[in-house]
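Let me begin by presenting the structure, written as structure tokens, before commenting on it.
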Amino acid sequence: DDVAGCPPPKRARLNPTTSTIAEDSKFSYSQPMHTANPNISQQPLMSSVLDDNNTTLTTSDTATTLERLKQNLNGNISNNINNSSISSSTQTNHCQLHTKIFSNSEKEILRLIGQHLQSVGLSHTVDSLILESGCVLEHEQASNFRDLIISGKWTEALIALDKLKQYIAEQDGIQQMKYLILEQKYFELIEDEQAMEALHCLRNEIRPLNIRIERTHQLTAFLMFTSMKDMYKAANWSGKGFASRDKLMEKLQKYFPPDIMLPPKRLESLLSQAIQLQQEQCTYHVEPGRLSIEDVSLLQDHTCSKQTLPCVTVQTLTNHTDEVWFCKFSPDGTKLATGSKDGNLYIYDVDMTTYKLKLRKHFDGHSFGIGFIAWCPFSRYIIACGTDECSEIWIWDIQREEQRSRIHHTPDDSLTCAAWLPCGTRFVCGGSRGQFYYCDIDGNVIDNWEGVRLQCLNVTSDGVILAADAQKRISSYKFDSLTDQQIIHEDHPIMSFTISKDGRLALLNIATQGVHLWDLHDRQLLRKYQGVTQGHYVNHATFGGPNEEFIASGSEDSKVYLWHRKQERPIMIFSGHTRTVNCVSWHPILPLLFASASDDATVRIWSTIEHQCQTESSTNSD
């Protein structure tokens, strides 16, 4: 008779020596069936129990019903058998079978859990999960295919693959899978020193597939290796055995739809995606690299505190005697350059471990002060520009600690900004009086553009020249064809701008408005950051963090403002300077370090509390 209203069960057999269910699918059970009554295991094989209608059921019938429940592919029925046994319910005329209808999401979660348990070797726990829930991990044929791959039974595996081809959606998926299987077979034959068989496999099995032609030519060379270690390295193969076959199975698994065979390590993949999303949404996360499962606790969401950000002054540079207008770290991060109204350019060496800065060299003679600094891409040369009254610029060789060249085209020039081209030997410069020059490193003017009153210049990593002009625009310029194209137009004057490393985003300091973020590709205004006090003085903001998730800017209220790029309200405001903060520069490599320059004649170096303690300890030891 049917049990608990179930349809007639699939036949199963009972192992007479262990009283366990033996099945034809991939999962088998060999542990004795535990019962509440220790004497039950001593009963004859055909001892009986009663169902709800007092109908006699043999142990064999019950086992058969359990087998059908366990192999139900849809996972709609679950048997809840206490300790996987026939309990003492015979005394109450009830068979301990409980059914539960699982939702689709619950079934998928059970499969994910089962896959993970199987991957860590808890096979008996997987068996219990399948038995109790009625859900199976994968299609029976797919399970058989996996066993054949792990066992290295290549001929049988190819036959089993043909039976599964109806489930492969990719057009040449079957051919690709056969190639991977035969490649593994080929390598194992070489390791077993069966060169003729390996050659036969290559010529008569792999080559007729007529795919991956270049890879097939490469496979021929592996027959010539005399050292297996060299062959392993060249083939990027770990050798015959479970490890390489399991890796092969992971590659093959990707071709199957998930209802037939779960993608490899699916639970770990989902957890990693969740952690990555939490990292992206964490306002204060500043550590470089992506977090892994091992880096966080899965028992709670990932969050960082404000103390993980650079939020304290770890060093104050006081070499300048007047307002400091600009500061900039070198592209390689080993140096910091600062320029001031006092006409001095100071170069500091950066200790990449302690974050401590030490004065390296200072260059003087800039009679109008230094309002802008541009490092060449190789961190060797610096261009120093003056104010609107300055008609010349200086190029300094930091390595040799000497002046490389000096550009003075006409006395009427106003050269207040410059930017290097990616080659590092040419640059563009200009100013508010309409000068726009294209020059080489020796100061020779190669070309010029008439009538463009420049406020600021930048060059992208792929060589696109961008310039902000007096018409509240940012445009791109091509000197070879003398063509320009407007990209951005603001309603107020653009005092300065900087671009992200990938050239996609531009950060603008706008007179009376503050800091705006633009997408240069889509030509859209993305954010208007709040809080900063911006008048008509030049202020330079910066991108920061390992993926440039942060934005920092000085302010005329003597503070430094810090935003997360996706949030318009500041997440932190730093005090310390006593007058207007003109420029902020974030270290290009160390995400926990930035510098700020102020009219109070100081440059402050900001980092974390941890590095503050390290710096103070180092100073005391010195």
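The values are calculated or read from the model by the stated rules, or taken from the named source; none is laboratory data. Predicted, not measured: the structure shown is a model, and the values here were computed from it. Virtual Cβ from ideal backbone geometry, glycine too; neighbours counted across all protein chains shown. The accessibility values were calculated without ligands, DNA or RNA, using every heavy atom of the protein model including side chains. Shrake-Rupley method; radii C 1.70, N 1.55, O 1.52, S 1.80 Å.
Using a Förster distance of 45 angstrom, determine the FRET efficiency expected from the C-beta separation of residue 486 and residue 389, and round it to 0.05. The computed FRET efficiency comes out at 0.95.
Model label sites at residue 352 and residue 397, defined 7 Å from Cα along the beta-carbon direction, differ in position by 2.5 nm. Other residues lying with their Cβ under 15 Å from the Cβ of residue 245 contribute a combined charge of -2, Lys and Arg counting +1, Asp and Glu -1. Here the peptides 577-585, 479-487 are ranked by packing, the mean other Cβ count within 10 Å, and the order with the highest first is 577-585, 479-487. Proximity of backbone amide H atoms, modeled 1.01 Å from N, is registered between residue 403 and 397 at under 5 Å, excluding neighbours fewer than 5 places apart on the same chain.
Couplings 3J(HN,Hα) for the range 141-153, derived from phi with the Karplus relation 6.51 cos²θ - 1.76 cosθ + 1.60 (θ = phi - 60°), are 5, 5, 5, 5, 4, 4, 4, 5, 5, 5, 7, x, 8 Hz, where x marks Gly and Pro. Computed from backbone phi with θ = phi - 60° and the Karplus coefficients 6.51, -1.76 and 1.60, the 3J(HN,Hα) list for the range 510-522 is 10, 4, 6, 10, x, 10, 10, 10, 10, 8, 6, 6, 8 Hz; x is used for glycine and proline.
Compared with the alpha-carbon gap, the fully stretched path from residue 425 to residue 195 is longer by 77.1 nm at 0.36 nm per residue. Overall form of the range 312-619: oblate. Here a/c, set by the Cα gyration tensor axes a ≥ b ≥ c, is 1.5 or more, and a/b is not larger than b/c.
For a straight C-alpha distance cut-off of 19 angstrom, the lysines reachable from residue 185 (same-chain residues fewer than eight places away being disregarded) are 153, 229, 233, 240, 247, 251.
Set the Förster distance to 30 Å, then compute FRET efficiency between residue 533 and residue 290 from the Cβ-Cβ distance, nearest 0.05. Each step should come with its number before you reach the end.
Numbers: r = 36 Å, r/R0 = 1.22.
Calculated transfer efficiency: 0.25.
Show me the chymotrypsin sites (Phe, Trp or Tyr not before Pro) within the range 520-586 that DSSP assigns to loop and that have at most 15 other Cβ atoms within 10 Å of their Cβ. Here the sparse-neighbourhood loop sites are 537. Each residue, residue 412 and residue 270, gets one label point 7 Å from its Cα in the Cβ direction; the gap between the two is 7.3 nm.
Backbone amide hydrogens, once placed in the peptide plane, bring residue 325 within less than 5 Å of 339, 340, 341, excluding anything fewer than 5 places away on its chain. Rounded to whole numbers, the Karplus 3J(HN,Hα) couplings from phi for the range 361-375 are 7, 9, 10, 10, x, 7, 5, 9, x, 10, x, 7, 10, 10, 7 Hz, using 6.51 cos²θ - 1.76 cosθ + 1.60 with θ = phi - 60°, and x at Gly and Pro. Cβ-Cβ distance of residue 359 and residue 579, R₀ of 25 Å, FRET efficiency by 1/(1 + (r/R0)^6): the value works out to about 0.65. Using alpha carbon centroids, what distance separates the range 256-295 and the range 151-213, in Å? Centre-to-centre distance over Cα atoms comes out at 33 Å. For the peptides 129-138, 235-244, the ranking by mean Cβ contacts within 10 Å, running from highest to lowest, is 129-138, 235-244. With both labels modelled 7 Å from their Cα along Cα-to-Cβ, the residue 571 to residue 297 distance reads 2.1 nm.
First compute the accessible area of the range 138-261 with a 1.4 Å probe, then give the percent of it belonging to carbon and sulfur atoms. C and S fraction of accessible area: 50 percent.
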